[in-house]
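The values are calculated or read from the model by the stated rules, or taken from the named source; none is laboratory data. Bear in mind the structure is a predicted one, so any value in this text is a computation, not a measurement. Quick reminder, even Gly has a Cβ in these numbers, built from the backbone with ideal geometry, and neighbours come from all protein chains shown. We work out accessible area using only protein heavy atoms, side chains counted, and drop any ligands, DNA or RNA first. Shrake-Rupley method; radii C 1.70, N 1.55, O 1.52, S 1.80 Å.
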Amino acid sequence: MNCLKGYIRTIRQYLATPKGSHDAKDYGRAIVLIVVTIGIVMAILMGGKWGLSCHG
């Protein structure tokens with residue numbers, strides 16, 4: 001358990017630095033972009049199932 005506390009402390013210290021906070025923002029944006037992209041693709045693929053298809 002002490003090992004886990006050490007990892008958490010190290011991550012918190014890294015995020016407190018300017019580079020760490022910038023990296024965290026970049027990773028956050030990347031995750032949001034990936035989730036939104038997956039959502040759009042799933043909506044397109046499932047469109048026919050939801051009655052949203054253009055093919056009649």
Residue check: is A43 of a type in the set (G, A, S), at pLDDT below 95, open to solvent by less than 90 Å² (accessible area, probe 1.4 Å) and within 20 Å of the chain's Cα centre (by Cα)? yes
Pairs with Cβ under 6 Å, 6+ apart, first in segment 29-40 and of a type in the set (A, V, I, L, M), second assigned to a helix (DSSP H, G or I) and open to solvent by less than 80 Å² (accessible area, probe 1.4 Å): none
